[in-house]
Amino acid sequence: MDRFFTQTTCDRCGGSLSGGRIMSMLNTYCLCLVCKEKETTQEGYREAVEAEHRAIKRGNFNFKGIRG
Ligand SMILES: [Zn+2]
């Protein structure tokens, strides 16, 4: 199974993912909800969301974020 679904700790803070997990918009990190919340206020987040929308419109569903 994909690592995203099997790992138990947040890639950013190392905390538990028992409260939920979500993929970062800026890279392929698997984040806890606390880190995801912080990410949404981070510089570059809005651009990343828009870049993904553009990628999806072009048919690229494997977009991996703007920072790799
Ligand atoms: Zn975290």
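Only loop residues by DSSP count here, and only those with at most 11 other Cβ atoms within 10 Å; note down the GluC sites (Glu not before Pro) in the range 13-68 that meet that.
GLU43
Obtain the nm distance between the two label points defined at ARG46 and PHE63 by a simple spin-label model: each point lies 7 Å from its Cα along the Cα-to-C-beta direction.
1.6
Residues with amide H under 5 Å of GLY15's amide H, sequence separation 5 or more or different chain, H placed in the peptide plane at 1.01 Å from N; which?
The list, which skips near neighbours in sequence, is CYS10.
Viscosity 1.002 mPa s, temperature 20 °C: what is the translational diffusion coefficient of the chain from Stokes-Einstein with a Kirkwood Rh over Cα pairs, rounded to a whole number of µm²/s?
Estimated diffusion coefficient is 172 µm²/s.
When the dipole is taken about the Cα centre of the chain, and only Lys, Arg (+1) and Asp, Glu (-1) are charged at their Cβ, what size is it in debye, to the nearest 20?
Here the chain has a charge dipole of around 160 debye.
Using a simple spin-label model with points 7 Å from Cα along the Cα→Cβ vector, what separation in nm is obtained for HIS53 and SER16?
3.7
By how many degrees, between 0 and 90 and to the nearest 10, does the Cα long axis of helix 45-57 differ from the longest principal axis of the chain?
Here the helix axis deviates by roughly 60 degrees.
Please compute the contact order of the chain in relative form: average sequence separation of alpha-carbon pairs under 8 Å and at least six residues apart, divided by the residue count, as a percent.
27
The numbers here are math on the coordinates, done by the rules we state, and not lab data. Worth saying up front: this structure is predicted, and the values here are computed from it rather than measured. We place every Cβ from the backbone using ideal geometry, glycine too, and count neighbours over all the protein chains shown.
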